[in-house]
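Input: a single structure, listed below in structure tokens.
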Amino acid sequence: MAFEVRPIEWREDGLVLLDQRLLPNEVKHVVCRSAEEVADAIREMVVRGAPAIGIAAAYGVVLAAMASGDKSRKEFIRDISRATEQIASARPTAVNLFWALERMKDVLTRNETENAPVLREVLLREAHAILEEDRQTCRRIGLHGAELIRDGDAVLTHCNAGGLATSGYGTALAAVFAATEQGKRVQVYVDETRPLLQGSRLTAWELLQAGIETTVLCDNMAGVVMKEGKVNIVITGADRIARNGDTANKVGTYSLALLARAHGIPFYVAAPKSTFDMSLESGERIPIEQRSPREVTHFGGVRTAPEGVKVYCPAFDVTPSCLITGIITEKGIVRAPFEDNLRRLFG
Ligand code: MRU
């Protein structure tokens, strides 16, 4: 593929993030030089998407380690735990954030006899490994997902599960990119994804850069497009998947899954293993982030709802696994019964 976005890059002077709040109108970068700045960037969605916030979190820990200077080992560990807590509090739903922080903590535990300079190196290596593994994982998800897409198909997607949401190739969009690379003609319908428009701002931008035919829809248009027979398959990403296959993803995904079921259209979720939370029996226990009412009452900075109105603003919803045709992972496509098949996948 000629175009591959780089939303997260490590440089000597800090973590460089492509500012996703400004796309598609401006392509600007933000440099984070401390764990606190990384936590803020995740909270404010400079960087967003489950795998991407996990990668950024890992580098946030590295920045805390660097700032810890020549302190004693004990003080160094205390600084790292403080930074980890700060980053963990940035957003609650995508489990990749906590998964990456756990990996960073584990690496410290495994090297508990080492001094601070060695630990800094070890942490940096682990963050690089998380980024590199994500690159490979996304490629594999793409190849498995591409098997589901036929020449001439139209895929519908929601939010952004593309390169911007990962290290650069995506999960749901990886399937589209891989199918296209195999020479299949694929077009994509993109829900605009209110309130923050990750579909129209980010997914449409990425797909157009890659030269893929793209049509943006307001979220409430998905039903009619399906009824008119324009969509062959729905593929979305995920923020956290419980062990029974229930999947949290950007709010609106649940409605899309219901619509797909009503129209007999296969509904797939694409996600790496790091998005599974096998400690949760079902989706009921997935914490759902509530965001500022302003995201609903305003559009492009302009108030569109009356002052004083009540607002409900969950950032994610949970699609029950009974509505999911299959989950595309780097290890292959998992289908019902999800609990048994996922347990097998996770060994
Ligand atoms: O609030 P966001 O933009 O972080 O939400 C992102 C999504 O819901 C994505 O679909 C999900 O993280 C999967 S990214 C490969």
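Taken together, the values in this text are just the output of simple stated rules run on the coordinates, not laboratory data. Being a predicted model, the structure only gives us computed values, none of them experimental. With ideal geometry, Cβ positions are generated from the backbone for all residues, glycine too; neighbour counts draw on all protein chains shown.
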Q. Within segment 192-241, restricting attention to residues that are part of a strand (DSSP E or B) and within 15 Å of the ligand (Cβ to nearest atom), which residue is nearest to P293 (Cα to Cα)?
A. R240
**Q.** Flag if T113 is hydroxyl-bearing (S, T, Y) and surrounded by fewer than 19 Cβ atoms within 10 Å (Cβ to Cβ)
**A.** yes
Q. Can you spot a residue in segment 55-68 that is closer than 26 Å to T247 by Cβ and in contact with a Phe, Trp or Tyr (Cβ under 9 Å, 6 or more places away or on another chain)?
A. yes
Q) Across segment 91-132, which residue is nearest to the chain's Cα centre (by Cα) among those that are closer than 20 Å to R48 by Cβ and of a type in the set (S, T, N, Q)? A) N96
Q: Could you check how many residues of segment 261-280 are under 22 Å from R185 (Cα atoms), hydrophobic (A, V, I, L, M, F, W, C) and either within 13 Å of the chain's Cα centre (by Cα) or not in a strand (DSSP E or B) (or both)?
A: 3
(Q) Among the residues in segment 74-91, are any within 16 Å of the ligand (Cβ to nearest atom), assigned to a helix (DSSP H, G or I) and hydrophobic (A, V, I, L, M, F, W, C)? (A) yes
Q. Given the residues A257, A271, which is the only one that is under 20 Å from P320 (Cα atoms) and either within 12 Å of the ligand (Cβ to nearest atom) or free of Cβ contacts under 8 Å to residues at least 24 places away in the same chain (or both)?
A. A271
Q. Going through segment 1-21 one residue at a time, which ones are exposed (fewer than 14 other Cβ atoms within 10 Å of the Cβ) and either under 22 Å from A58 (Cα atoms) or within 18 Å of the chain's Cα centre (by Cα) (or both)?
A. R6, R11, E12, D13
